[in-house]
Amino acid sequence: VQLQASGGGLVQAGGSLRLSCAASGFIFRSNVMDWYRQAPGKQRELVAAVTSLGSTNYADAVNGRFTISRDNTKNTVYLQMNSLKPEDAAVYHCHTRQIFTDYWGKGTQVTVSS
């Protein structure tokens, strides 16, 4: 299983970024895919999740601003982040779980300037 996240960068508060996570090594369409984030000195937290059927779930802190989606033809999951705030700054990781094993992407840095 490989997960490769991209799309992070520096953005001003109020701006937008779109993260992508390309997946391989498993049956992508069958798996729940998640985005987590970890800021310095804080625990890793779940940001958003999308099921194999496309149902989504969001952390309260990002609900209404972030949108998770998936393209099963490209084995890719996306995180559209709008109205970014300084507190959204973190390393964002994509994640999936396969037969009781967690797999994590390397992460992509999101920096939000105020």
Per residue solvent-accessible surface (Å²) - the chain, probe of 1.4 Å: 55 Å²
To the nearest 20 debye, what charge dipole does the chain have about its Cα centre, counting +1 at the Cβ of each Lys and Arg and -1 at the Cβ of each Asp and Glu? 160 debye
Tail beyond 18 Å, pair distance distribution of the chain (Cα, percent): 44 percent
Mind checking which lysines have their C-alpha under 28 Å from LYS42, skipping anything on the same chain fewer than 8 residues away? LYS85, LYS106
Got a sec? What order do ASP88, ASP102 fall in by accessible area at 1.4 Å, biggest, i.e. largest, first? ASP102, ASP88
Can you give me the % of accessible surface on the stretch 51-114 that is carbon or sulfur? Probe 1.4 Å, all protein chains present, nothing else counted. 48 percent
Compute the distance from the alpha-carbon center of the stretch 80-114 to that of the stretch 24-70, in whole Å. 8 Å
Which whole-number percent gives the relative contact order of the stretch 49-110, counting Cα pairs below 8 Å spaced six or more residues apart? 21 percent
Relative contact order %, the stretch 1-106, counting alpha carbon pairs below 8 Å whose residues are six or more apart: 35 percent
Calculated P(r) tail over 18 Å for the stretch 41-88, as whole % of Cα pairs: 33 percent
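The values are calculated or read from the model by the stated rules, or taken from the named source; none is laboratory data. Keep in mind that what you see is a predicted model, and the values were worked out from it rather than measured. Because the Cβ atoms are built from the backbone with ideal geometry, glycine has one as well, and the counts that use them run over all protein chains shown. To get the accessible areas, we keep the full protein, side chains included, count just its heavy atoms, and leave off ligands, DNA and RNA. Shrake-Rupley method; radii C 1.70, N 1.55, O 1.52, S 1.80 Å.
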